[in-house]
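The values are calculated or read from the model by the stated rules, or taken from the named source; none is laboratory data. Since the structure is predicted, the reported quantities are computational estimates derived from the model, not experimental observations. Here the Cβ positions follow ideal geometry from the backbone for every residue, glycine too, while neighbour counts run over all protein chains shown. Protein only, heavy atoms only, side chains kept; ligands, DNA and RNA dropped before computing areas. Shrake-Rupley method; radii C 1.70, N 1.55, O 1.52, S 1.80 Å.
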Amino acid sequence: MKSFRLLTRRGLLIGAGAAATIGAPAFGQGHAMRRIAPNRASDAFTPDVELELICKRDKTPILTGKPTRVWRYVGNLIKGPPNALTALPDAYLGPLLRFTKGQKIRIRLRNELPEETITHWHGLHVPMLMDGHPTAAIDPGETYVYEFEIRNRAGMYFYHPHTHEKTATQVYRGLAGAIIIEDEEERALGLPSGEFEIPLVIQDRSFDGDNQLAYGDDMHTSMFGFYGDRVLVNGRRNLTLDVASRAYRLRILNGSNARIYKLCWDDRTPLTVIGVDGGLLEKAETRPYVMLAPAERVDLIVDFSGRPQGSKLTMLSGEFYGLIPPMAQRMMGSDLAMGEEFPLFAASVTKASNDTWKLPEKLSTIRRIRKEQTANPGDPIPIAITMDHMAMFLNGRPYGHDDIQPRERIPVDTTQLIEIFHERGGMGGMGMGGMRGRGMMGGGMMRGRMGGMGMGMMGGMGMMGMMSMAHPIHLHGQPFEIIERSFEGDEDAYASIRDGFIDSGLKDTVLVTPGERLRIIKPFGDFKGRFMYHCHNLEHEDAGMMREFSVE
Ligand code: C2O
Ligand code: CU
Ligand code: CU
């Protein structure tokens, strides 16, 4: 692992030797993205909340000693209630934004970075022009004005850059923040709030000897994603929350580039889940653990009442396997192997409280859509995930704006049945068969395991077993329901994760593990335009595992 260097994917490929010879077909297209002019404020729009977000370089203390250079969002509230923007002290994370359903929001995004950027409001249902599409990227010194109305239900959302082929590195350097949306339905429940409601953003990072962020600028990182050596929660190491002996609401976002966590309490107290990406569940669910993939959110109630002062409860990432190929695990170059047990944060009971809040039985009503009510009950739109030794595709194609395929055209105001699955047979249909056996896998990375096995044989195996890994698939726009999850494969590995999926709520990101096939129902209402769907393993996203739906 070297110190952070700015390299384009093309730069990575050139640095990677053999792979460069095939001209970077999949790991980044290397082409410039067509741009639209930066959106300006409109006189016709009267915001309830107006704020400025500046993307800038900064330094912040993370480890003891020298501060760490980061890129971050710094915010100023121009208009609106004071709680609309809360800066996190001593953390690189962007300010916590708190909006209410129905509010009109204006955000002035100013780019003070040394490169282009654009911000996406992950999970929010907004028009394309307000969605942070890569074609909306702004250059250093420019400002992009977002104006939209909050249409989402109460929930925790996520803002982060969505810059063409630079999302992973920009998020990694620190550009990320949480958004909380409130609504009347949720307020009526009287859930723990104020100091008893704690947003927690989990990320992993690596540091060099000089306390600076280190990023694996190698093929392994672009293939499997970045896995850091240390866990940071709200930008801090070893975060310990001081809590009172009463109920708390913990709102957790996985803001990591690629790492998947298995949340569980160290004393095996079950987790009480009240919500996921798109807001509250109808009823709380109790689980031994919860899987949380990049960009997923989980809303937990944890009741510390009855716990003695001085006691401590630690949230761990528990042991699991099967989400990344064993070969990749070994070569990860991180001290924290994915699937190994390690602590995330702790809560220490320091105050007594007589508060005896009880979780309501019914939390919310989710308007469910039956399969028969979709536009295509017998003919799901495919999202086929291909991860081959040189390909990061969805539906057999890398990302390309203006490359809409027939199945990617969706009439506005329809609801679609979508099937997400792993594609067998790698690059079939792309006419790239001649590339098999060249590039990174031919370059010696497989030596340890493959020994003398010829590349022809690997081609014959279709790379499926070896390369299969979990992908958090995210769709922009309105949230979806998961109606089916089927699995065929290694039952033992699956047993270590299967109880951790919360499929009963509305989602915008879903983990599709090796051997799984999912069916989801998603509305495409209100806005025409191009809306992305992609893997939220950010290295995969930047490598081309992204496509667009054209809602028309
Ligand atoms: Cu969180 Cu298209 O992104
Ligand atoms: Cu998104
Ligand atoms: Cu992926």
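Could you give me the ³J(HN,Hα) list for the stretch 199-211, computed from phi with Karplus coefficients 6.51, -1.76, 1.60 and θ = phi - 60°, whole Hz, x at Gly and Pro?
Values, residue by residue: x, 10, 10, 9, 9, 10, 9, 10, 10, 8, x, 9, 6 Hz.
Ratio of Rg to Rh for the stretch 302-372, alpha carbon only, Kirkwood?
1.19
What number does the chain give for Rg over Rh if you use C-alpha atoms and the Kirkwood radius?
0.94
Can you bin the stretch 126-238 into rounded, prolate or oblate? Criterion: square roots of the alpha carbon gyration tensor eigenvalues sorted a ≥ b ≥ c, rounded for a/c under 1.5, prolate for a/b above b/c, oblate for the rest.
It is oblate, given that a/c is not under 1.5 and a/b is not larger than b/c.
If the only charges are +1 at each Lys and Arg Cβ and -1 at each Asp and Glu Cβ, what is the size of the charge dipole of the chain around the Cα centre, to the nearest 20 debye?
Once rounded to the nearest 20, the dipole reads 660 debye.
Listed highest first by mean packing, meaning other Cβ atoms within 10 Å per residue, what order do 149-157, 77-85, 50-58 come in?
149-157, 50-58, 77-85
Could you pull out every residue, at least 5 positions away or on a different chain, whose amide H is within less than 5 Å of the one on LEU113? Hs are placed 1.01 Å off N in the peptide plane, and Pro or chain starts have none.
Counting only residues 5 or more places away or on other chains, the set is GLY141.
Please give the direction-averaged projected area of the C-alpha convex hull for the stretch 224-362, in square nanometres with one decimal.
8.7
Against the 2.2 N^0.38 Å scaling, with N counting residues, where does the stretch 86-185 land? I'd like the Cα-based Rg ratio to two decimal places.
Expressed relative to 2.2 N^0.38 Å, the Cα Rg reads 1.06.
In whole percent, what relative contact order does the stretch 130-239 give with Cα contacts below 8 Å and a gap of six or more residues?
20
Which pairs in the list LYS56/LYS166; LYS312/LYS351; LYS104/LYS507 are over 18 Å apart, alpha-carbon to alpha-carbon?
From LYS56/LYS166; LYS312/LYS351; LYS104/LYS507, over 18 Å: LYS104/LYS507.
Using the C-alpha gyration tensor of the stretch 200-283, what are the square roots of 5 times its eigenvalues, in whole angstrom, with the largest one first?
Gyration-tensor ellipsoid for the stretch 200-283: 29, 17, 11 Å.
Could you run the Karplus curve 6.51 cos²θ - 1.76 cosθ + 1.60 with θ = phi - 60° over the stretch 471-483 and give me ³J(HN,Hα) per residue in whole Hz, x for Gly and Pro?
For the stretch 471-483, the Karplus curve yields 10, x, 8, 10, 10, 6, x, 5, x, 10, 9, 9, 9 Hz.
Applying the Karplus parametrisation 6.51 cos²θ - 1.76 cosθ + 1.60 with θ = phi - 60° to the phi angles of the stretch 487-497, what ³J(HN,Hα) value in whole Hz is obtained for each residue in order, glycine and proline being reported as x?
Per residue, the Karplus-derived 3J(HN,Hα) values read 9, 9, x, 6, 4, 5, 5, 4, 4, 7, 10 Hz.
Which order do peptides 110-118, 358-366 fall in by mean Cβ count within 10 Å, highest first?
Put in order of decreasing packing, that is 110-118, 358-366.
If you count, for each residue, the other Cβ atoms within 10 Å and average over each peptide, how do 224-237, 194-207 line up from highest to lowest?
With the highest mean Cβ count within 10 Å placed first, the list reads 224-237, 194-207.
Tally Lys and Arg at +1 and Asp and Glu at -1 over the other residues with C-beta under 9 Å from the C-beta of HIS133: what net charge comes out?
Once positives and negatives cancel, what remains is -1.
Enumerate the amide H contacts of VAL201 below 5 Å, restricted to partners 5 or more residues apart or on another chain; note that Pro and chain-start residues carry no placed amide H.
It is ASN234, LEU253, by chain and number.
Taking a 1.4 Å probe, which of ILE36, ILE521 shows the most accessible area, and what order do the others take after it?
ILE36, ILE521
Quick check: with the 1.4 Å probe, what order do ASP267, ASP131 take by accessible area, largest first?
Per-residue accessible area, sorted high to low, gives ASP267, ASP131.
Please give the calculated 222 nm ellipticity per residue for the chain, where each DSSP H segment of at least 4 residues contributes -39500 (n - 2.57) and the sum is spread over every residue; nearest 500 deg cm²/dmol?
-2000 deg cm²/dmol
Could you give P(r) for the stretch 149-308, binned at 10 Å from zero, as whole percent values over all Cα-Cα pairs?
Spelled out per bin, shortest first, that is 9, 36, 33, 17, 4, 0.
So if I place +1 on the C-beta of Lys and Arg and -1 on the C-beta of Asp and Glu, and nothing else carries charge, what would the dipole magnitude of the stretch 209-270 be about its Cα centre? I want it in debye, nearest 20.
460
Which percent, to the nearest 5, of DSSP beta bridges fully inside the chain are antiparallel?
Once the DSSP bridges in the chain are tallied, antiparallel ones form about 75 percent.
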